[in-house]
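A.B. asks: The structure that follows is given in the form of structure tokens.
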Amino acid sequence: MKCFAIESTAHTFGAAVVDEKCNILSNEKSVYTTEKGGMIPRELAEHHYKCAPKVVAGALEKANCKMSEIDLVAFSQGPGIGNALKCGAIAARQLSLLHNIPLIGVNHCVAHVEIGRKLCGAKDPVLLYASGANTQIICFENSYYRVFGETLDVGIGNFLDSFGRELGLGFPAGPALDKMYFEGKKYIELPYTVKGMDLAFSGLFTAAKNKIGKVRKEDLVYSALHNAFAMLTEVTERALAHTEKKEVILGGGVGCSRALQEMISKMCEERGAKLFVPPNSVMVDNAAQIGWTGILMYKHGNKTKIGDSIILPKQRTDDVKVNWRK
Ligand code: FE2
């Protein structure tokens, strides 16, 4: 069985071909970037519409496969930016209708868990999903991926990009900030906001922004990232303690951060838990994870009718009944 998948929740327009053993036959993408400012939804949609034909054709070519060999079309139905989601949904519906192939809408956050579980061999992990728009600590309990903790304001990646922009680092700023983190020598007092199991980053952002130009840049980056990642680590540890799970898996673009990986790995070591870090190519937004999750869902009787394939920008991780896991 081969699945053709499309990802388009945010800056990435991706297309992939995946088979039922999770062999990733292709995983192509085009990423919208800007030198100044963040994502402008109108420009984002323009980028996706323009690159879609090339990315779709590229994924088929790389996988050495024709649409006639495809058994399922999967697409990221939500959550995400409406303008971006629409491009992927339109492309997926067209392919499904033109070639008479079943369609499946996939939740992007759930797909991060599933690709990580499959590629790393984790059985029942706590997922720390840290990306631009999403920051959630997710575990499987009783037929759903439940959100045990999440951001109350912006996503961690959004915080990093905004902070990086103030420092003149462009978008995305994560890799440059991560490098600077290791050049920091001194901790500067900044807010640390964990409320129960939830987190907030806007106070930290304002305080860090106000210190730009007054302290050494590297020390400020070190301190801001130190607090933000310690907040994520604290909530992940509490989710482990509460659920008594023994595995942690990273997902989302911020999961690629070496600074975050070091901190989480230390916590896991101290708790006797195992940390799984999937390859960067599937931690960032990608279509392969949509394809693999689409296959899992389809094999368990799920299917999306064209009439139900409307985009779901606000769909939550715990909206999706996970009938493919016991
Ligand atoms: Fe993502």
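A.B. asks: Excluding residues on the same chain fewer than 8 positions from Lys305, give the lysines whose Cα lies under 18 Å from its Cα.
C.D. replies: Straight-distance partners of Lys305: Lys86, Lys321.
A.B. asks: How big is D, in µm² s⁻¹, for the range 1-144 by Stokes-Einstein at 20 °C and 1.002 mPa s if Rh is the Kirkwood radius over C-alpha pairs?
C.D. replies: Numbers: Rh = 15.9 Å.
Roughly 135 µm²/s, to the nearest whole number.
A.B. asks: Moving to a separate point now. Given charges of +1 on the Cβ of Lys and Arg and -1 on the Cβ of Asp and Glu, with all other atoms neutral, how large is the dipole of the chain about its Cα centre, in debye to the nearest 20? Intermediate values should be presented prior to the final figure.
C.D. replies: On the way: 40 positive and 34 negative charges, 42 e Å.
Roughly 200 debye, rounded to the nearest 20.
A.B. asks: Where the convex hull is taken over the Cα atoms of the chain, what is its projected area averaged over directions, in nm²?
C.D. replies: On the way: hull surface 62.5 nm².
Hull-based average projected area comes out at 15.6 nm².
A.B. asks: Here's something else I'd like to know. When you count, for each residue, the other Cβ atoms within 10 Å and take the mean per peptide, how do 22-33, 126-137, 67-78, 249-260 rank with the highest first?
C.D. replies: Details: 22-33: 18.2, 126-137: 26.7, 67-78: 21.8, 249-260: 24.4.
My ranking of the peptides, most packed first, is 126-137, 249-260, 67-78, 22-33.
A.B. asks: If you place +1 on the Cβ of every Lys and Arg and -1 on the Cβ of every Asp and Glu, how big does the dipole about the Cα centre of the range 124-280 come out, in debye to the nearest 20?
C.D. replies: 420
A.B. asks: Lysine pairs in the range 124-280 with alpha-carbon atoms under 19 Å apart, 8 or more places apart or on different chains: how many are there?
C.D. replies: 16
A.B. asks: Let me ask you something else. What residues have an amide H closer than 5 Å to that of Lys2, excluding those fewer than 5 places away on the same chain, when H is modeled at 1.01 Å from N in the peptide plane?
C.D. replies: Long-range HN contacts for Lys2: Asp71, Leu72.
A.B. asks: Sticking with this structure for a sec: Counting alpha carbon pairs within less than 8 Å and at least 6 residues apart, what relative contact order, in whole percent, applies to the range 185-326? Intermediate values should be presented prior to the final figure.
C.D. replies: On the way: 114 pairs, mean separation 25.3, N = 142.
So the answer I get is 18 percent.
A.B. asks: Here is a follow-up. For the chain, what's the relative contact order in percent, using C-alpha pairs closer than 8 Å and at least 6 residues apart? Can you show the working numbers first?
C.D. replies: Values: 721 pairs, mean separation 82.6, N = 326.
After rounding, I find 25 percent.
A.B. asks: I'd like the carbon and sulfur percentage of the solvent accessible area for the chain, probe radius 1.4 Å, heavy atoms only, ligands and nucleic acids excluded. Write out the running numbers ahead of the final one.
C.D. replies: Values: 7090 of 14160 Å².
In the chain, the share of accessible area belonging to carbon and sulfur is 50 percent.
A.B. asks: Still on this structure, please answer the following. Quick one: the Cα spread of the range 124-280 along its three principal axes, in angstroms, biggest first?
C.D. replies: The principal-axis extents, from largest down, are 49, 27, 26 Å.
A.B. asks: Still on this model: Which order do peptides 209-215, 110-116 fall in by mean Cβ count within 10 Å, highest first? Intermediate values should be presented prior to the final figure.
C.D. replies: Working: 209-215: 12.3, 110-116: 27.1.
Ranked from most to least packed, the peptides come out as 110-116, 209-215.
A.B. asks: Given a 1.4 angstrom probe, what's the average accessible area per residue across the chain, in square angstrom? Intermediate values should be presented prior to the final figure.
C.D. replies: On the way: 14160 Å² over 326 residues.
Heavy-atom accessible area per residue stands at 43 Å².
A.B. asks: If the cut-off is 20 Å between C-alpha atoms, which lysines fall inside it for Lys21, apart from same-chain ones fewer than 8 positions away?
C.D. replies: Partners found: Lys2, Lys62, Lys66, Lys118, Lys123, Lys299, Lys303, Lys326.
A.B. asks: Return the whole-Å distance between the Cα centroid of the range 252-321 and the Cα centroid of the range 1-36.
C.D. replies: 13
A.B. asks: Just from its helices, what would the mean residue ellipticity at 222 nm be for the chain, if runs of 4 or more DSSP H residues each count -39500 (n - 2.57) and the sum is divided by every residue, rounded to the nearest 500 deg cm²/dmol?
C.D. replies: On the way: 10 runs with 138 residues, N = 326.
Here the helix-only value at 222 nm equals -13500 deg cm²/dmol.
A.B. asks: Using the Kirkwood radius over C-alpha pairs as Rh, can you work out the diffusion coefficient of the range 221-326 via Stokes-Einstein at 37 °C, viscosity 0.692 mPa s, in µm² per second? Working shown, then result.
C.D. replies: Details: Rh = 16.3 Å.
It comes out at roughly 202 µm²/s.
The values are calculated or read from the model by the stated rules, or taken from the named source; none is laboratory data. All of these numbers come straight from a predicted model, not from anything done at the bench. Quick reminder, even Gly has a Cβ in these numbers, built from the backbone with ideal geometry, and neighbours come from all protein chains shown. For accessibility, only protein heavy atoms count, side chains too; no ligands or nucleic acids. Shrake-Rupley method; radii C 1.70, N 1.55, O 1.52, S 1.80 Å.
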